[in-house]
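This report refers to the structure that appears directly beneath it.
The values are calculated or read from the model by the stated rules, or taken from the named source; none is laboratory data. Every value quoted in this text rests on a predicted model; they were computed, and no experiment measured them. Positions of Cβ are generated from backbone atoms using ideal geometry, with glycine treated the same way; all protein chains shown enter the neighbour counts. Each accessible area value is taken on the protein alone, full model and side chains, heavy atoms only, with ligands, DNA and RNA left out. Shrake-Rupley method; radii C 1.70, N 1.55, O 1.52, S 1.80 Å.
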Amino acid sequence: MAASIGAVVYRALHSRRHRKLLSVGRGLFSGARCLVAEGETHFGFQKVSETEKGEKVYHVFESVAKKYDIMNDSMTLGIHRLWKDILLHQMNPYPGTQLLDVAGGTGDIAFRFINYVRSQWEHQIKQKLKSHQNLSWEEISKSYQEEELKLPGGSQVVVCDINKEMLKVGKQKAQHLGYSEGLSWVVGNAEELPFNDNKFDVYTIAFGIRNVTHIDQALQEAYRVLKPGGRFLCLEFSQVNNPLISRLYDLYSFQVIPVLGEIIAGDWKSYQYLVESIRCFPAQDEFKGMVEDAGFLKVEYRNLSSGIVAIHSGFKL
């Protein structure tokens with residue numbers, strides 16, 4: 001199996017079509033951000049109308065939904081799991097936290113949130129029981145049983161995604177993994193969220209904001225739905241700050257990822273778009289400025305893996 005995949009990769013890398021795509025990718029990017037005229041936007045390296053981008057992005061994720069998680073593991077060699085774990089530890093949610101996870105269709109952030117909150121709660125229960133050494137076994141057992149079916153402290157995570165197919169995959173995963181309490185799924189646009197003002201303690205968006213047509217509008221919506229004191233957290237591919245790693249990363253991105261997309265998901269074009277969309281996303285400092293422009297304070301970012309991805313954080317104060 002491995003040998004056959006290797007042979008397919010070799011043929012794909014040396015195909016005329018791939019050499020052409022590589023040439024186009026390198027020629028258009030060459031270290032610069034994508035520039036477009038007023039009324040236009042970018043879909044990867046293509047210039048399209050704003051309406052057309054929304055439709056194209058929807059079709060990309062509709063196409064890759066069923067293989068999305070497998071491709072994430074393949075493209076990042078599983079490192080995306082570590083990045084998401086770091087995001088949760090930086091969030092450090094407590095029992096009772098109300099989380100909105102935007103563009104979180106397959107549930108990766110939501111499931112980690114539930115696990116983290118449950119772990120925090122179990123630690124609190126253990127500490128409490130240690131201070132009541134005279135409790136009977138029955139009383140200790142009852143303490144756990146009363147809470148085991150619900151998310152501790154009334155915590156709630158809402159997964160909001162514009163793509164119904166991505167949400168469908170997420171719901172199936174949740175059912176298979178046994179997640180139900182404190183978890184809901186909502187079809188919604190990041191640029192026009194279907195929620196009231198001042199509703200959530202934390203807003204997360206992981207590997208989703210670069211696919212939004214109007215990033216500034218999505219950031220304003222994030223600010224609107226957060227409670228005063230609420231936190232914005234964005235995990236996204238960014239600009240590599242090491243020249244050698246940057247070169248290797250570009251080679252891997254343009255020569256390997258679309259090929260993996262063809263082999264695993266049968267979809268070269270969608271993964272070519274995803275690679276190009278990363279290059280068109282603002283660099284760390286530029287995006288930090290956009291988050292600040294939306295009204296957030298104490299905005300900072302943390303580079304992971306030499307800037308391959310970055311976590312931006314801000315507060316509604």
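Hey, among the residues in the stretch 285-300 that are surrounded by 19 or more Cβ atoms within 10 Å (Cβ to Cβ) and of a type outside the set (A, V, I, L, M), which one's farthest from G230 (Cα to Cα)?
My answer is F287.
For K171, indicate whether it is farther than 28 Å from V275 by Cα, touching a Phe, Trp or Tyr at 6+ places or on another chain (Cβ under 8 Å) and not in a loop (DSSP other than H, G, I, E, B). Before the answer, list the steps.
On the way: farther than 28 Å from V275 by Cα: no; touching a Phe, Trp or Tyr at 6+ places or on another chain (Cβ under 8 Å): yes; not in a loop (DSSP other than H, G, I, E, B): yes.
The answer is no for K171.
Just to be sure before I move on: is I70 among the aliphatic types (A, V, I, L, M) and over 17 Å from K168 (Cβ atoms) in the structure I sent? Steps first, answer last, please.
Working: among the aliphatic types (A, V, I, L, M): yes; over 17 Å from K168 (Cβ atoms): no.
Criteria not met by I70.
When you check I264 against the structure, is it closer than 20 Å to G54 by Cβ, in contact (Cβ under 8 Å) with a residue 12 or more places away in the chain and among the hydrophobic types (A, V, I, L, M, F, W, C), yes or no?
Values: closer than 20 Å to G54 by Cβ: no; in contact (Cβ under 8 Å) with a residue 12 or more places away in the chain: yes; among the hydrophobic types (A, V, I, L, M, F, W, C): yes.
When the stated conditions are applied, I264 does not pass them.
Within the stretch 187-205, count every residue that is touching a Pro at 6+ places or on another chain (Cβ under 7 Å) and assigned to a strand (DSSP E or B).
Count: 1.
Inspect all residues belonging to the stretch 250-258 and state whether any of them is in a helix (DSSP H, G or I) and either more than 12 Å from M75 (Cα to Cα) or among the charged types (D, E, K, R) (or both). First the steps, then the outcome.
Here is the first cut: in the stretch 250-258, the ones in a helix (DSSP H, G or I) are 250-255, 257-258.
Subset that is either more than 12 Å from M75 (Cα to Cα) or among the charged types (D, E, K, R) (or both): 250-251.
Yes, that holds for at least one residue.
Return the residues of the stretch 206-229 that are under 24 Å from D85 (Cβ atoms) and in a helix (DSSP H, G or I); say none if nothing qualifies. Working first, answer last.
Just the residues of the stretch 206-229 that are under 24 Å from D85 (Cβ atoms), to begin with: 206-211, 222, 226.
Hits for the stretch 206-229 are I209, R210, N211, A222.
For the stretch 239-260, which positions are touching a helix residue (DSSP H, G or I) at 6+ places or on another chain (Cβ under 8 Å) and aromatic (F, W, Y)?
Hit for the stretch 239-260 is F254, nothing else.
Please specify each residue of the stretch 217-230 satisfying the condition of being surrounded by 13 or more Cβ atoms within 10 Å (Cβ to Cβ) and over 16 Å from the mean Cα position of the chain (by Cα).
Residues of the stretch 217-230 that are surrounded by 13 or more Cβ atoms within 10 Å (Cβ to Cβ), as a first pass: 217-227, 230.
If the condition is that a residue be surrounded by 13 or more Cβ atoms within 10 Å (Cβ to Cβ) and over 16 Å from the mean Cα position of the chain (by Cα), then Q217, Q220, E221, Y223, R224, V225, L226, K227, G230 are the ones that fit.
As an exercise: evaluate V275 against (1) modelled with pLDDT of 95 or more; (2) hydrophobic (A, V, I, L, M, F, W, C); (3) part of a helix (DSSP H, G or I); (4) out of contact with any His (no Cβ under 8 Å at 6 or more places or on another chain) and give the number of the one condition it does not meet.
(1)
Listed residues I263, I278, I245; which is closer than 26 Å to V60 by Cα, among the hydrophobic types (A, V, I, L, M, F, W, C) and open to solvent by 50 Å² or more (accessible area, probe 1.4 Å)?
I263
Being under 19 Å from the mean Cα position of the chain (by Cα) and open to solvent by 60 Å² or more (accessible area, probe 1.4 Å) is true for just one of V169, V212, V187. Which residue is that?
V187
Take the residues in the stretch 301-317 that are over 22 Å from S246 (Cβ atoms) and part of a strand (DSSP E or B); name whichever of them is most open to solvent (accessible area, probe 1.4 Å).
F315
Can you tell me which of I70, I86, I79 is hydrophobic (A, V, I, L, M, F, W, C) and open to solvent by 80 Å² or more (accessible area, probe 1.4 Å)?
Testing whether each residue is hydrophobic (A, V, I, L, M, F, W, C) and open to solvent by 80 Å² or more (accessible area, probe 1.4 Å) leaves just I70.
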